[in-house]
Every structure is written in structure tokens, then in C-alpha cells.
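Have a look at the structure below, then the notes.
The values are calculated or read from the model by the stated rules, or taken from the named source; none is laboratory data. Computed from a prediction, not measured in an experiment: that's the story for all the values here. Cβ placement follows ideal geometry from the backbone for every residue including glycine, while neighbour counts extend to all protein chains displayed. Protein only, heavy atoms only, side chains kept; ligands, DNA and RNA dropped before computing areas. Shrake-Rupley method; radii C 1.70, N 1.55, O 1.52, S 1.80 Å.
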Amino acid sequence: MATGLSFSVFGAGALVISLTLFPAIHLASFDRRRANLGCQYVVHLSFRFFIWMMKSLGILSYEIVDAEKLARDTGNLIIANHPTLLDVVFIISMLPRTLCVVKKAAWSNPFLAGVMWATGYIQSDDPLQLIAECVQSIEQENNLLIFPEATRTVPGQPLKLKRGAASVIVESQKLFIPLVITCEPSTLTKAEKWFEIPSRKMHFKITVGDKVDPQPLLTEDAGRSKSNRRVNEVIRELFSMGIERHERSG
Amino acid sequence: MTEIDSSTTKEEILSHIKHIFIENFDLEDDAIVADAKLYDDLDIDSIDAVDLMVALKKKTGRKLDPDAFKQVRTVGDVVDAVHDLLIQ
């Protein structure tokens, strides 16, 4: 019941904001980039509200370990695992100005299309263009969020990461922040329908990792493809270890 | 002079391609067989595919047509695409 309400609020909120606030922000600013930043901030506030609402309704609880490592600065490259539908909502609620890489389908989803246009989120369609845009956005000091799994984790399957995120790291040579998310009991995953809600309250645990410097992994002699594979393997290990630690500590 | 030209046999092209795969993608020699699927079996993604085309261009001195390459699914398809390009 409460979950149905949450979904409705989310969809309706996205639509209303897309039709009012976003166009207003874009009309009021001459500079598209500034307008994008403004809209990203609106998304951040909306997501904070949304998380607060779900917590108040008793749908979920959460803990964020080492949140201060996300210190409210800019230019962070955040690499997160992707167990549920709410991951992006949590992460953006923690960071005021964040760009995400989103699959192309979102631009034709009636509820999300407005958000995609207004914020300047990056489309994960053409791989080379995607990498170029991501590198550029990091250099412009945006926070950038990428889920290397590309789609939600398939429960019970080994983690499989696409190497787009690794490619962005190799190309930009920037430090990245690994972020590990788990949710107990399993909900809103790929294996369940969105309305199949557990009777138990869901609990999210998010751990912000230390910044990782990719430099030692990037050697002159290894070509781009080899470096991508190395960085990807490091991300996979960080995720697996982090998830395991969450599960052990309960 | 290029390493691969119109007189190169398909077997020789395959061995060049094996070499590229081992060098660039950390793959094992015996995994690279003609009917191995690039994406499913060898975990070659679209960025790797671009690097593969650059490597092939170096070896053949010819630019591969990206559209023709989109149809490529297996290692054998790559060999055929290179072979067809060179006898044109």
C-alpha cells in the first residue's frame, strides 16, 4: 500500500517537476550548463524528500557508512554496484550535483524523459561518445555516477561488469570512489516485480569506499583494452568484498 | 609493406588475429578458435572492437568498414571480413 503510494508520488513528482520547474529553470538561464546544474540540484532535493518520505512511511530504513568520504565537493567519479531500483535515488540524495549515465530507454520513458533532458544526464548508447562525454564531465568538475553493471544485479549470479566505467577511469586517469550498496531483504531487484514487496521493512546499507587511484594499474606497455580489464577486475573485487562484508556484519 | 595482404591465407590471417587478441585482450591462445563468439565467449566489448579495428588497420594498411564489421559475430567472421576486404 505505502509502496504503491511511493511509486505514484515518484512518477507524479517527476512529471510535475518536468512540466513546471525544469522548463522554468531552463528559460531563466541563458547558459545550458547552468540550467543543467540547477535541475540536478532539484533532482537531488526531490530524491532527499523521497527517501525521507519512504523512511517516514516505515517502508525502509538505511545506514550510510563513511558518508563523509563523499564530502560535498565536486569532480567525484562514483562507481557503484546496482542491486535495486532505489540505488540512484540514495546516491543522488547524498550529492547535490551529480550526473548519471543512463540507458537510452529512459529518454523515451514518459515519466523520466523530462528529467533526462533537463539535467543533461549522459546516454549510454554510443560507447565511444559515452566515454568522451564522461571524461569531459569529470574534467568540468561534475560528480559523475556510473553503475558498471549497467542494469540491476541478477540475484544469485556472479557480478558481471561492463567495461564502460573502467574505460572512463583509464581514459581520464582520475581517482574514483567505490560505493557498495546492499538491501535486506531482497527487494526491487531484477528478479522481483516492483509490487512484490517483502513483509519485513527493507534495510539499505551503503558504504562509501576510499578513493582509488588507478595510476598503478595503468602501465605504458599495456594497451587501452588491457588496462580496462585490469581496472574492471579491481572494481569487481571491491564490490564483491564490500558486499560480503555487508552480509557478514548483517 | 603490410603484414597481411591479398596473398595471405585465411589460416595466416587467423594467426595474426590470435596474436592481436592475446596481446590486447589477455586471452588464452586456445580460446581463440574460428567459431568462438566475440561477445559471449571472449568478452570483447564495443571498445575492444574499436581497438581491434585499429590493430587490423595497422596490419593490413586498409581501413575496415565499420558497417561490415557490425555483422561480425565470431572470430571466423573477422577472418572472413579481413580476407574479403583484401581480395576486393
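Things worth noting here:
- Residues of the stretch B:6-37 classified as in a loop (DSSP other than H, G, I, E, B) and touching a residue at least 60 places away in the same chain (Cβ under 8 Å), total: 2
- Any hit, the stretch A:124-145, residues being touching a Pro at 6+ places or on another chain (Cβ under 9 Å) and modelled with pLDDT under 95: yes
- Annotation: of all residues in the stretch B:34-56 being within 11 Å of the chain's Cα centre (by Cα) and away from chain A (no Cβ under 12 Å), the one that is nearest to A:Asp125 (Cα to Cα) is B:Leu38.
- For the stretch A:210-230, the tally of residues that are within 19 Å of the chain's Cα centre (by Cα) and either within 14 Å of chain B (Cβ to nearest Cβ) or open to solvent by 40 Å² or more (accessible area, probe 1.4 Å) (or both) stands at 2.
- Residue match in the stretch B:9-17 (condition: crowded, with 17+ Cβ neighbours inside 10 Å, at pLDDT below 90 and out of contact with any Leu (no Cβ under 9 Å at 6 or more places or on another chain)): no
- Residue identified as of a type outside the set (Gly, Ala, Ser), within 23 Å of B:Thr8 (Cα to Cα) and open to solvent by 60 Å² or more (accessible area, probe 1.4 Å) among B:Asp84, B:Asp41, B:Asp77, B:Asp26: B:Asp84
- Test: residue in the stretch A:174-194 that is in contact with a Leu (Cβ under 6 Å, 6 or more places away or on another chain), closer than 30 Å to B:Ala49 by Cα, more than 14 Å from every other protein chain (Cβ to nearest Cβ) and open to solvent by 60 Å² or more (accessible area, probe 1.4 Å): yes
- One residue stands out in the stretch A:37-77 among those that are within 13 Å of A:Gly120 (Cα to Cα) and touching a Lys or Arg at 6+ places or on another chain (Cβ under 9 Å): the one that is surrounded by the fewest Cβ atoms within 10 Å (Cβ to Cβ), namely A:Tyr41.
- Residue satisfying condition, being charged (D, E, K, R) and under 30 Å from A:Ala2 (Cα atoms), within set A:Lys69, A:Lys103: A:Lys103
- Selection of helices (runs of 4 or more DSSP H) fully inside the stretch B:44-88 by the criterion of at least 1 residues being basic (Lys, Arg) returns B:46-60, B:66-70.
- Put simply, of B:Thr60, B:Thr8, B:Thr2 the only residue that is more than 14 Å from chain A (Cβ to nearest Cβ), farther than 22 Å from A:Ala165 by Cα and under 11 Å from the mean Cα position of the chain (by Cα) is B:Thr60.
- Some residue of the stretch A:158-167 being in a loop (DSSP other than H, G, I, E, B), surrounded by fewer than 19 Cβ atoms within 10 Å (Cβ to Cβ), more than 18 Å from the chain's Cα centre (by Cα) and within 14 Å of chain B (Cβ to nearest Cβ): yes
- Given (1) closer than 29 Å to A:Glu233 by Cβ; (2) away from chain A (no Cβ under 14 Å); (3) surrounded by fewer than 18 Cβ atoms within 10 Å (Cβ to Cβ), index of the condition B:Asp67 fails: (1)
- Which listed residue is β-branched (Val, Ile, Thr) and open to solvent by less than 10 Å² (accessible area, probe 1.4 Å), from A:Thr207, A:Thr119, A:Thr151: A:Thr119
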